[in-house]
Amino acid sequence: MTTETIYHAALATHITGITMMAGTTLMDYVIFKQIWKQYWVDKTKSLAISEALVKLQIVFGTGFLLLIVSGVTMMYLTHGVFGEQTWFRIKFVLILLIMINGLGLGRRLGVRLRKLLPEEISGIDVSNKTLRIRDNLNLFHITQLAIFLAIFILSVFKFN
Ligand code: HEM
């Protein structure tokens, strides 16, 4: 197998990983809209949808793994030449932001929501906390999607 073929295979894997990660984030955002619609009608349904969303984290994590392995492979094959370029340095900072935002904020908000909804179902009024989580989750998804878009633009145009 030639180096070029391995490079192309890594790039195809990279794109697969991107699709899995960004696709999951977008689906998460769209389905969360449904959770909030159901919140006013039937909180049990909201809880069921939010629990089903946990499965998407596996797809996100697998995509991230593919992305890192393929990215590192491409870096190795090009002897780290991209690492010295401005677009790549900015991209790297943005990747870190996606990780911090995802693990630090997104996951924590999801866990808190799945604790608050059962309380509301059992009749305890914690709606002001739940609605604060809704606003923060909204901000979280929009930020993640904006960072993905910025990474796409940087990676395709490769500004230097
Ligand atoms: C959230 C994380 C990431 C996203 C969304 C992302 C996205 C992209 C996109 C859209 C491209 C352009 C693909 C094309 O030219 O068709 C690309 C290329 C590239 N990425 Fe990533 N990437 C990510 C993480 C990484 C990581 C962690 C590394 C390295 C350790 C990496 C290394 C590369 C390299 C070397 C290229 C250039 C490939 C080429 O144009 O020949 N990426 N990336």
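The values are calculated or read from the model by the stated rules, or taken from the named source; none is laboratory data. In this text the structure is predicted, and so the values were computed from the model without any measurement. Neighbour counts run over all protein chains shown; Cβ positions are idealised from the backbone, glycine included. Note: areas computed on protein heavy atoms with side chains; ligands, DNA, RNA excluded. Shrake-Rupley method; radii C 1.70, N 1.55, O 1.52, S 1.80 Å.
Per-structure values
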item: Those residues of the stretch 77-92 which are surrounded by 12 or more Cβ atoms within 10 Å (Cβ to Cβ) and part of a helix (DSSP H, G or I), in sequence order; result: Leu77, Phe82, Trp87, Phe88, Arg89, Ile90, Lys91, Phe92
item: Phe148 of a type in the set (Phe, Trp, Tyr), open to solvent by less than 20 Å² (accessible area, probe 1.4 Å) and either modelled with pLDDT of 95 or more or over 13 Å from Ser50 (Cα atoms) (or both); result: yes
item: Selection from the stretch 4-18 of residues that are β-branched (Val, Ile, Thr) and open to solvent by 80 Å² or more (accessible area, probe 1.4 Å); result: Ile15
item: Pick from the stretch 131-145, criterion of a type outside the set (A, V, I, L, M) and within 14 Å of the ligand (Cβ to nearest atom), ranking: surrounded by the most Cβ atoms within 10 Å (Cβ to Cβ); result: Gln144
item: Residue selected from the stretch 19-66 under the condition charged (D, E, K, R) and in a helix (DSSP H, G or I), by the criterion least open to solvent (accessible area, probe 1.4 Å); result: Asp28
item: Index of the failed condition, Leu96 passing every other in (1) touching a residue at least 24 places away in the same chain (Cβ under 8 Å); (2) open to solvent by 60 Å² or more (accessible area, probe 1.4 Å); result: (1)
item: Members of the stretch 117-130 found to be open to solvent by less than 40 Å² (accessible area, probe 1.4 Å) and part of a helix (DSSP H, G or I), listed by number; result: Leu117, Glu120, Ser127, Thr130
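One line per residue, one yes/no per condition, for (1) under 13 Å from the mean Cα position of the chain (by Cα); (2) at pLDDT 95 or above; (3) near the ligand (Cβ under 9 Å from one of its atoms):
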{"residue": "Val41", "(1), (2), (3)": "no, yes, no"}
{"residue": "Gln57", "(1), (2), (3)": "yes, no, no"}
{"residue": "Ser70", "(1), (2), (3)": "no, yes, yes"}
{"residue": "Gln85", "(1), (2), (3)": "no, yes, no"}
{"residue": "Gly104", "(1), (2), (3)": "yes, no, no"}
